[in-house]
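Just so you know, all these numbers are worked out from the coordinates, no wet-lab data involved. The shown structure was predicted, so the numbers you read here are calculated from the model rather than taken from an experiment. Glycine also receives a Cβ, built like all others from the backbone with ideal geometry; neighbour counts cover every protein chain displayed.
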Amino acid sequence: MRIDVVSLFPDFVAQCAGFGVVGRAHERGLLSVHGWNPRDHAEGNYRRVDDRPFGGGPGMVMMIEPLRACLGAAGSADPRPARTVYLSPQGRPLTQAKVRELAALDRLVLLCGRYEGVDERLIEAEVDEEISIGDYVLSGGELAAAVVVDAVARLLDGVLNDADSAAQDSFEAGLLDCPHYTKPVEHVFGAVPPVLLSGNHAEIARWRRMQALGRTWSRRPDLIDLATLSKQDRALLERWQAERGA
Ligand SMILES: NC(=O)c1ccc(NC2CCCC2)nc1
């Protein structure tokens, strides 16, 4: 998969993609991330990329033409069609379902704004969809772009060594994750739940599902309402609630 990032700090996102799982995807040619700087496409001596907002108000707005030229250069760098995504608080919330959709594409162009944002006419003319990673304001779209790159990259075939871990990611099932434990078995902070040491994989899978259901129910009731629970799921959730006197 090829991801082009348009940003005044183009190396930022590419560097974020250089670590861990995503870095390995890079090394193995499963993913390539290319940075493009609108300032390289700005006219005039000062290579202006922003200007004062019409109608007044604080800050600056990124101008159309440097971004349009930069997006054009990024788009032409590869013959395949690309989906252009603008990261902003005005976007639709990023969900695991959306991540899966993006991970299936050959190409993605991520547009990162700075200042107060981008001239709306550029968004209307060149952006396919706006995405938000959460209801908060960042100083630039680069961190949001890095989040998208990471979430997408780990779903690409061959990126995660143990393919199951991506599939088992609870968000794939629309639930929060179960708790995880490792050595030591005994510790002043408590012991590892015995079922996990039992070697009874069916029982372990049931226990983990019960924990995921219970945690989702108690921490994210909005998600539990959306989840399609089987009869067994409901029984496990009731058991979890009963064990906590909920
Ligand atoms: N929640 C988000 O995904 C998000 C994205 C971009 C941003 N800031 C950018 C947007 C235009 C200028 C700075 N803030 C927040």
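For the range 176-231, relative contact order (Cα pairs under 8 Å, six or more residues apart, normalised by length) works out to 38 percent. Relative to the longest principal axis of the Cα atoms of the chain, the long axis of helix 64-76 lies at roughly 60 degrees.
If you look at the Cα atoms of the chain, you get an Rg and a Dmax of 22.4, 71 Å.
Counted over all Cα-Cα pairs of the range 1-129, pairs farther apart than 17 Å make up 61 percent.
The simple Förster model, with R0 at 41 Å and r as the Cβ-Cβ distance, assigns residue 96 and residue 73 a FRET efficiency of 0.80. At the listed q of 0.15, 0.31 Å⁻¹, the Debye profile of the range 205-246, built from one uniform point per Cα, gives log10 I(q)/I(0) equal to -0.29, -1.19.
Sequence-distant contacts, meaning Cα pairs under 8 Å at least 6 residues apart, place the relative contact order of the chain at 18 percent. Each part gets one Cα centre, and for the range 32-80 versus the range 171-246 those centres are 48 Å apart. Based on Cα atoms of the range 106-212, Rg over Rh with Rh as the Kirkwood radius reads 1.15. If you average the sequence gap of Cα pairs under 8 Å that are 6 or more apart and divide by the length of the range 102-165, what percent do you get for the contact order? The value is 44 percent.
Here the extension length gained between residue 182 and residue 220 equals 11.1 nm, from 0.36 nm per residue of separation less the Cα-Cα distance. For the range 7-109, which trypsin sites (Lys or Arg not before Pro) are both in a DSSP coil and crowded by at most 11 other Cβ atoms within 10 Å? Of the trypsin sites (Lys or Arg not before Pro), the ones in loops of the range 7-109 whose Cβ has at most 11 other Cβ atoms within 10 Å are 28. Taking a sphere under 10 Å around the Cβ of residue 30 and counting the other residues whose Cβ falls inside, with K and R at +1 and D and E at -1, yields a net charge of 0. Under 11 Å from a point 7 Å along the Cα-to-Cβ line of residue 121: which residues of the range 60-103 have their amide N that close? What the label zone holds, given the 11 Å backbone N cut-off, is 64-65.
Applying both filters, DSSP loop and at most 16 other Cβ atoms within 10 Å, to the GluC sites (Glu not before Pro) of the range 73-146 gives 116.
Across 177, 225, 51, mean-square fluctuation computed from a Gaussian network of the chain (C-alpha pairs under 10 Å connected) peaks at 225. Taking each DSSP H run with n ≥ 4 as -39500 (n - 2.57) and averaging over every residue of the chain yields -12000 deg cm²/dmol at 222 nm.
Both the radius of gyration and Dmax for the range 25-93 are 15.5, 49 Å, in that order, over alpha-carbon atoms.
For residue 109, the residues whose amide H sits under 5 Å from its own are 4, 83, 84, 85, ignoring neighbours fewer than 5 places away on the same chain, with H placed 1.01 Å from N.
The chain: longest stretch without exposed chymotrypsin sites (Phe, Trp or Tyr not before Pro) (DSSP loop, at most 12 other Cβ within 10 Å), sites themselves excluded? Here the longest run is 55-135.
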